[in-house]
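Remarks on the structure that follows.
The values are calculated or read from the model by the stated rules, or taken from the named source; none is laboratory data. Keep in mind that what you see is a predicted model, and the values were worked out from it rather than measured. Cβ placement follows ideal geometry from the backbone for every residue including glycine, while neighbour counts extend to all protein chains displayed.
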Amino acid sequence: MKRREEMTFLERIYLVEIAKGITLTFGKLIRNFFLHVLHVFGISKDTPASASIQYPNERRDYPSRYRGRHRLTLKDDGSVKCTACYLCSTACPARCIYIEPAEHPDSSVEKYPGRYEIDTLLCIYCGYCVEACPVDAIRMDTGLHPEIYQPDPKLFIEDKEVLMQRSRDLEAKGSDKMYEEHMEKMRKLETNPFRILS
Ligand code: SF4
Ligand code: SF4
């Protein structure tokens, strides 16, 4: 499409354009305000009052390949699959994975992560760690979006136990139930932001 370089006289004096902009903005504002009021009374619920998602009351449907919160996968015996090879932390552009290898009691296993932590405040959810792992020990298939309201900043650092527990929860509850629990926690926190949740 050819771009029109020259402005008309009315465009050059701006007043008409400003009036058009204000009319559009206030038109949307008043429309959305009345729709929100109607929704409170249970009327016109099917007509969205705004383009944004009313988090945490509304759910956004994520695509199946959505990169959600991490989990460390488990072997059949419930132990961690990770071999502490450092490939994920080497690939991580945010340098937010910390691994401390340890000697495994089973001599047939070379090593395992005595400590494995992800600082989710630094993480950019790029998925490189998942791609880099040679043994499918880390995944981001939980369907959970990052925690945004942690009352204690230390909880943003997810350690090995938290990441392993997420695999157990996914197996036991499924991602839909986990998502609902997560949103319930967010709703409670919104009604009382000073509540300390674990
Ligand atoms: S998703 Fe990206 S930034 Fe986050 S831990 Fe993995 S590699 Fe690092
Ligand atoms: S999660 Fe995978 S890539 Fe990272 S240290 Fe463990 S085995 Fe290696």
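Sort out which residues of the range 95-114 are away from ligand 1 (no atom under 15 Å from the Cβ) and part of a strand (DSSP E or B), and write them in order of number. Those that are away from ligand 1 (no atom under 15 Å from the Cβ) and part of a strand (DSSP E or B): 100, 101, 102, 112, 114. The residue that is surrounded by the fewest Cβ atoms within 10 Å (Cβ to Cβ), counting only those in the range 131-154 that are part of a helix (DSSP H, G or I) and touching a residue at least 24 places away in the same chain (Cβ under 8 Å), is 153.
Hey, does the range 14-32 have a residue that's on the phi > 0 side of the Ramachandran plot and outside the structural domain of residue 142 (by TED's automatic domain parsing)? Yes, the range 14-32 contains a residue that is on the phi > 0 side of the Ramachandran plot and outside the structural domain of residue 142 (by TED's automatic domain parsing). Only one of (1) surrounded by fewer than 17 Cβ atoms within 10 Å (Cβ to Cβ); (2) at pLDDT 90 or above; (3) in contact with a helix residue (DSSP H, G or I) (Cβ under 9 Å, 6 or more places away or on another chain); (4) of a type in the set (Ser, Thr, Tyr) is not met by residue 125, so which one is it? The one condition residue 125 does not meet is (3). For the range 50-101, give me each residue that is within 16 Å of ligand 2 (Cβ to nearest atom) and aliphatic (A, V, I, L, M). 72, 74, 80, 84, 87, 91, 94, 97, 99 - these are the residues of the range 50-101 that are within 16 Å of ligand 2 (Cβ to nearest atom) and aliphatic (A, V, I, L, M). Of the residues making up the range 126-140, those that are near ligand 1 (Cβ under 8 Å from one of its atoms) and within 15 Å of residue 166 (Cβ to Cβ) are 129, 130, 138, 140.
Close contacts from the range 161-178, counting a first residue that is exposed (fewer than 14 other Cβ atoms within 10 Å of the Cβ) and a second that is part of a helix (DSSP H, G or I), with Cβ to Cβ under 8 Å and a gap of 6+ residues or different chains, come to 173/181.
In the set (1) at pLDDT below 90; (2) more than 21 Å from residue 58 (Cα to Cα), residue 46 fails one condition alone, (2). Candidates in the range 115-130 are the residues that are within 11 Å of ligand 2 (Cβ to nearest atom) and part of a strand (DSSP E or B); of these, the one that is farthest from the chain's Cα centre (by Cα) is 116.
Give 117, 161 a once-over and let me know the one that is in contact with a strand residue (DSSP E or B) (Cβ under 7 Å, 6 or more places away or on another chain), closer than 20 Å to residue 74 by Cβ and modelled with pLDDT of 95 or more. From the options 117, 161, the qualifying one is 117.
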